[in-house]
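Right, one structure below, let's go through it.
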Amino acid sequence: MLYRIAQPADWQQAQQTGFFASADLVAEGFIHASELAQVLETARLYYQASPGAILLEVEEKALQAAGIRVEREWVERRQAYFPHVFGRIPLAAVRRFWPFPVADDGAAQLPPEIN
């Protein structure tokens, strides 16, 4: 599974279009995603003060079946490989989602049922 922290406006748009997309897809050509072990650090670094954030759990096999390429690319700043999704994510590939409030200092907690 891949994970993406979504802003409420992007998630609301996905409900209307059937596909999740975000500004990074337009700007960089892919949607940034994380492995489960990377989610909390991603929240701390990039989603501070996001009380309405939503955590999406995305099935990689469903993306591949839909013809959407996923590549793990090295991110020097984080010294790790991160999944990049090269296209809009169909809602059928989003297996579960949870409210994922991120505090002003970037603190967040994974949903208990995620493990």
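The values are calculated or read from the model by the stated rules, or taken from the named source; none is laboratory data. Computed from a predicted structure; not experimentally measured. All Cβ positions, even for glycine, are placed from backbone atoms using ideal geometry, and neighbour counts span all protein chains on display.
Quick notes
- Segment 1-44, residues that are of a type in the set (S, T, N, Q) and under 21 Å from TYR81 (Cβ atoms): SER22, SER34, GLN38, THR42
- Among the candidates GLY87, GLY106, GLY29, residue that is at positive phi and loosely packed, with under 11 Cβ neighbours inside 10 Å: GLY29
- Flag for TYR3 being surrounded by 14 or more Cβ atoms within 10 Å (Cβ to Cβ), in contact (Cβ under 8 Å) with a residue 24 or more places away in the chain and closer than 17 Å to VAL94 by Cα: yes
- Pick from segment 1-25, criterion assigned to a strand (DSSP E or B) and not charged (D, E, K, R), ranking: nearest to ARG72 (Cα to Cα): LEU2
- Count of segment 74-105 residues, restricted to those that are at pLDDT 95 or above, over 12 Å from LEU55 (Cα atoms) and not aromatic (Phe, Trp, Tyr), is 13.
- Positions within segment 57-115 being closer than 18 Å to PHE30 by Cα, aliphatic (A, V, I, L, M) and outside any loop (DSSP other than H, G, I, E, B), in sequence order: VAL58, ALA62, LEU63, ALA65, VAL70, VAL75, ALA80, VAL85, ILE89, LEU91, ALA93, VAL94
- Cβ separations smaller than 8 Å between residues 6+ apart or across chains give the following pairs from segment 45-66 residues that are closer than 13 Å to GLY87 by Cβ and in contact (Cβ under 8 Å) with a residue 40 or more places away in the chain to residues that are surrounded by 14 or more Cβ atoms within 10 Å (Cβ to Cβ) and of a type in the set (D, E, K, R): VAL58/ARG4.
- Unique residue being buried (at least 17 other Cβ atoms within 10 Å of the Cβ), of a type in the set (D, E, K, R) and over 17 Å from ASP104 (Cβ atoms) when the list is GLU35, GLU57: GLU57
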